[in-house]
Amino acid sequence: MSKDCEGVENGKWKTENGERKVKMKRVLLGVFFVMSALGGQAQHLFEHSYPMIQEEDVRVRQLMNQVSKDSLEATIDHMQSYHTRRWDSRMVYEVQDWLYETYRDMGFDSVFLHDFQFTHHDTVYETSDNVIAIQRGLVYPDEYVVCGAHYDSYNNSPGHPDSLRAPGADDNASGSSGIIETARLLSHCTFERSIIYCGWAAEEVGLKGSAAFAKDCADQRLDIVGYFNLDMIGYLEPGSDIHVNLMFTTRDSIIGDYVFNFSHVYFPEMPIWQDWLTWGDSDYSSFNRNGYAAVHPFENTHHSSPFIHTPNDLLGVSVNNMDQVKRFTELNLGLVATLAGLISNGVDDNGYDHLTVYPNPSSGTLVVKGVPMRQVEIYDLLGQRKTSHSCFGEECVLDVGFLVPGVYFVRVLSTDDVLFTEKVVIN
């Protein structure tokens, strides 16, 4: 959680090819983003409607039920094990690399580092990078649902950055664990819209990482439907019940209403209301200031952890309620999955064997089997349909020799209108 907000200069993108400092021009790769000139900014760059939730979606509930306190706690414990995650320390680069590898191991369509510089007290600085993972949507791949948390920590005592202990369990290993857990579970699913999972750098020195990324997105007209922020979700004042203080601006009241609606349906017993911090800010403001709808669920605006920015921001002390961490993560996961348009949650409840696609990778022929089919389609990463076949029975053989090498999605519609999707690599 930042207590200092300043402007951003010289943001740019970077990819990772085995070395930390392999840089690109300040452009977004065309395979991910469509660029156009920036026109006059209205209230929002893009206006969207949000789902009205009448009842639980059993598929979303199944995913939410898989959120693991053990997994969340293990992530927080790992992140607090770094002596510090301060933006100006050497160790923050180790955290960046760990987070990058964590997302890459989940098998997302793209994981890369977003490099930026910033000015602080009239000096230009570099620090670790934003870590970005993209999961491509199959129907509206150029519309994005974004969620993120900052991974840097802070200790406001005097001393050398490398020597100051800043475990940052609540601020913000707790929020980072929620985004990582959301990504872990949703990585097995398919969606209509694309999802971007973000680990922000240099939040504690004034939202620098998220501000650079949000500005790049706005400059290049990235259509972000909504941004969901997790920052400090682990401390519960003794004697209090789990509740949500939701922060959003007046112009973001529509996405705020979406969060209220979703929470009331899925967690009817949990109080949730709008509130504000009087002492700081967080990364949702970067998106709001760049024309995107954004919200920030928070542990308690009036009784938040008193241990942040100290060596006592630790599991068991500052993160004292893992049930609350789990609940905030469930809320984030459900909001993202619903807004992204869940197609398949990877749970087979139809009595069929799991869809099998082989060989994978393939260079000529692809065999699809395991469910009673009537239509098989192949899409590229941009959501463009490359081929479509009417197939009947539980096995279909496809010629894929004409496809350009790359990653594709095989989408199968069963005879009872259940949609199955499998990622394949064509050599």
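Points to keep in mind about this one:
- Any hit, segment 93-101, residues being touching a Pro at 6+ places or on another chain (Cβ under 9 Å) and in contact (Cβ under 8 Å) with a residue 60 or more places away in the chain: no
- Any chance residue 177 is touching a Leu at 6+ places or on another chain (Cβ under 7 Å), surrounded by 24 or more Cβ atoms within 10 Å (Cβ to Cβ) and assigned to a helix (DSSP H, G or I): yes
- Checking segment 376-388 against the condition returns no match, with no residue being in contact with a strand residue (DSSP E or B) (Cβ under 8 Å, 6 or more places away or on another chain), assigned to a loop (DSSP other than H, G, I, E, B), of a type outside the set (Asp, Glu) and modelled with pLDDT of 85 or more.
- Flag for residue 407 being within 31 Å of the chain's Cα centre (by Cα) and among the hydrophobic types (A, V, I, L, M, F, W, C): yes
- When segment 113-157 is filtered for residues that are in a strand (DSSP E or B) and over 18 Å from the mean Cα position of the chain (by Cα), the ones remaining, listed by number, are 116, 117, 118, 119, 120, 123, 124, 125, 126.
- Residues in segment 266-280 include none that are under 24 Å from residue 142 (Cα atoms) and either surrounded by 22 or more Cβ atoms within 10 Å (Cβ to Cβ) or in contact with a strand residue (DSSP E or B) (Cβ under 9 Å, 6 or more places away or on another chain) (or both).
- Cβ-Cβ under 8 Å pairs, at least 6 apart or on other chains, segment 309-331 side in contact (Cβ under 8 Å) with a residue 60 or more places away in the chain and not assigned by TED's automatic domain parsing to the domain that holds residue 155, far side surrounded by fewer than 24 Cβ atoms within 10 Å (Cβ to Cβ) and of a type outside the set (S, T, N, Q): none
The values are calculated or read from the model by the stated rules, or taken from the named source; none is laboratory data. Remember, it's a predicted structure, so these values are computed and weren't measured experimentally. Reconstructed Cβ throughout: ideal geometry from the backbone, glycine too, with neighbour counts over all protein chains shown.
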